[in-house]
Amino acid sequence: MPETQKDAAREQKSPESEKTEKNKKRKRSLRKLEQEFLQTLCQGVTDEVLHTRLSYLLEWYTRKAQGNKHWYNVTRIITYAIPCAITLVSVFASMQEGNVKWAIGVTATLSAILVAMHHVIDHYRFYENWTRYRSTAEKLKEQAELYLNRAKPYDKATRQENRVLLARKMESLASSELSSWANLLEESHRTLREENQNAIHPGEVAPSVQATAAAAAAAENAAVEEEGEGPDAEAEHSQAQEELIPE
């Protein structure tokens, strides 16, 4: 492309597109700086085993935190946008006098998507995972910085003691994060089991409803029996009186 065409294309760019490009460049630069910082931290740990373990943990927790943050933002935006879309569809349908069956279908589809998104958010726990992974990654960075600068508690006499302490700190952070994840998973499963127990399955009736129906049926049968026996008892009583009266 000639230089004149490139200049013309630059001049035609709107301020919004320029802001978008600047934001993208800023995000790329921040990610690049973070990656360089992580590489510097890992390179400062000369022990091969610690270097490999620290690199793996930092890369894994950082990547997982970024992924969960992305999906949390996506799901929240969808859950915010769908109610607005349903409102707009309802208003637009009310302004039309003809057939509005399409509005019913669109509204039902959007409502189903909204319910599904809420279940996805409750199941995957994007926000909880994002904050937990990011917190663990930052704690690992902190321990690596303290180790490289020989600050407390890494101010021991020998480097071997500092390496052992760093390894213990790293594994303690990883195990604590794993235990919190297990607790969160158990809580999610317990909530799901409680919902399944409280739900009424198709074709079945809840025990309380069954007991109420049985009690109502018994009371109705007793009333019917009383109504059925009343005239017969009166007839027998009148017949007995007639037999006692002399002719």
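The values are calculated or read from the model by the stated rules, or taken from the named source; none is laboratory data. Keep in mind the model is a prediction, meaning the values are calculated, not measured. Reconstructed Cβ throughout: ideal geometry from the backbone, glycine too, with neighbour counts over all protein chains shown.
Brief remarks on what is shown
- Just so you know, in the range 89-107 the residues that are among the aliphatic types (A, V, I, L, M) and either at pLDDT 95 or above or not in a helix (DSSP H, G or I) (or both) include one that is surrounded by the fewest Cβ atoms within 10 Å (Cβ to Cβ), and it is M95.
- Applying the criterion of being surrounded by 15 or more Cβ atoms within 10 Å (Cβ to Cβ) and closer than 16 Å to P153 by Cα to the residues of the range 164-185, the residue that is nearest to the chain's Cα centre (by Cα) is L173.
- Conditions (1) at pLDDT 90 or above; (2) more than 24 Å from R125 (Cα to Cα): number failed by T75: (2)
- Condition check for K64: modelled with pLDDT of 90 or more, closer than 30 Å to E171 by Cβ and among the charged types (D, E, K, R): yes
- The conditions of being modelled with pLDDT under 90 and among the acidic types (D, E) are not met by E59.
- Under the condition of being of a type in the set (G, A, S) and either surrounded by 12 or more Cβ atoms within 10 Å (Cβ to Cβ) or touching a Gly at 6+ places or on another chain (Cβ under 8 Å) (or both), the residues counted in the range 108-125 number 1.
- Single unsatisfied condition, E128 versus (1) charged (D, E, K, R); (2) closer than 28 Å to T75 by Cα; (3) exposed (fewer than 14 other Cβ atoms within 10 Å of the Cβ): (3)
- When R134, R125 are checked against the criterion of being closer than 16 Å to W60 by Cα and within 21 Å of the chain's Cα centre (by Cα), R134 stands alone in meeting it.
- Applying the condition of being modelled with pLDDT under 85 and of a type outside the set (F, W, Y) to the range 140-181 and asking which residue is farthest from Y124 (Cα to Cα) yields A157.
- Condition broken by R31, with the remaining ones in (1) surrounded by 14 or more Cβ atoms within 10 Å (Cβ to Cβ); (2) charged (D, E, K, R); (3) modelled with pLDDT under 90 satisfied: (1)
- Evaluation of Y154 against (1) part of a helix (DSSP H, G or I); (2) crowded, with 16+ Cβ neighbours inside 10 Å; (3) not small (G, A, S) (one fails), failing number: (1)
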